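Report on the structure given below.
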Amino acid sequence: MVDALAALGVQAARLLCDGDFSALAKNFGYLLKFERDPASALQTDLLRCLSDLQASCLNAASLPEPRVSYFQPNEQPGLFALVEQDIPTDNNKYVLLELVVMGWEPEKHIYIEDISV
């Protein structure tokens with residue numbers, strides 16, 4: 001399961017690096033979109049992160065392995081796992097892409113929770 005979740009983290013990071021916000025929103029959604037269109041919200045939040053880091057773009061060429069952790073069954077009902085993917089920028093800083101796996105057996109879904117610095 002860890003390998004499959006890590007692969008999804010890398011897939012989401014590559015879509016983000018490619019600027020394919022529509023595919024990213026379609027495949028993963030965005031929990032912190034609030035009242036915004038998910039693709040536009042992802043783009044806006046990424047641009048805010050890049051600005052905060054004084055970076056101009058992401059660097060998909062050297063993605064580190066994502067970190068996968070699991071919630072305890074009674075810790076957060078409905079939350080199963082967290083995938084954290086650091087994405088390097090052009091100035092050697094990192095944007096953090098967080099995905100959460102939610103749901104109850106047998107059906108679980110993975111969503112982008114946040115993009116942050």
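Structure values in brief
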{"quantity": "Accessible area of S56 in the full protein assembly, 1.4 Å probe (Å², nearest 10)", "calculated": "90 Å²"}
{"quantity": "Calculated P(r) tail over 25 Å for the chain, as whole % of Cα pairs", "calculated": "20 percent"}
{"quantity": "Percent accessible area from carbon and sulfur atoms, the range 31-88, protein chains only, probe 1.4 Å", "calculated": "52 percent"}
{"quantity": "J(HN,Hα) series, the range 71-81, from Karplus relation 6.51 cos²θ - 1.76 cosθ + 1.60, nearest Hz, glycine and proline x", "calculated": "7, 5, x, 9, 5, 9, x, x, 9, 10, 8"}
{"quantity": "Computed [θ] at 222 nm, deg cm²/dmol, the chain (DSSP H ≥ 4; -39,500 (n - 2.57); rounded to nearest 500)", "calculated": "-11000 deg cm²/dmol"}
{"quantity": "Separation of the A61 and T44 label points, Cα + 7 Å toward Cβ, nm", "calculated": "3.3 nm"}
{"quantity": "Reciprocal mean inverse distance between Cα atoms of the range 53-117 - Kirkwood radius, Å", "calculated": "13.0 Å"}
{"quantity": "Mean accessible surface per residue for the chain, computed with a 1.4 Å probe while every protein chain stays in place, in Å²", "calculated": "57 Å²"}
{"quantity": "Probe 1.4 Å, all protein chains present, accessible-area order of C57, C49, C17, largest first", "calculated": "C57, C17, C49"}
{"quantity": "With all protein chains modelled, accessible area of D52 [1.4 Å, Å²]", "calculated": "90 Å²"}
{"quantity": "Per-pair calculated FRET efficiency, R0 = 22 Å: N91 and A6 via Cβ, rounded to 0.05", "calculated": "0.30"}
{"quantity": "Cα-centred dipole magnitude for the chain, charges only on beta-carbon of K, R (+1) and D, E (-1), debye, nearest 20", "calculated": "160 debye"}
{"quantity": "DSSP-loop GluC sites (Glu not before Pro) across the range 1-87, with at most 15 other Cβ within 10 angstrom", "calculated": "E35, E75"}
{"quantity": "Between 0 and 90°, nearest 10: helix 38-52 axis offset from the chain longest Cα axis", "calculated": "50 degrees"}
{"quantity": "Charge tally in the Cβ shell below 14 Å around Q54, where Lys, Arg are +1 and Asp, Glu are -1, Q54 excluded", "calculated": "0"}
{"quantity": "Local electrostatic count at A4 - Lys and Arg +1, Asp and Glu -1, tallied over other residues with Cβ under 15 Å", "calculated": "0"}
{"quantity": "Low-density loop cleavage sites - chymotrypsin sites (Phe, Trp or Tyr not before Pro) in the range 10-52, where at most 11 other Cβ are within 10 Å (DSSP)", "calculated": "F34"}
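The values are calculated or read from the model by the stated rules, or taken from the named source; none is laboratory data. Everything numeric here is computed off the predicted structure, so don't read it as measured data. Neighbour counts are summed over all protein chains in view; Cβ atoms, including those assigned to glycine, are modelled from backbone coordinates with ideal geometry. Accessible surface is based on the protein model in full, side chains and every heavy atom, while ligands, DNA and RNA are left aside. Shrake-Rupley method; radii C 1.70, N 1.55, O 1.52, S 1.80 Å.
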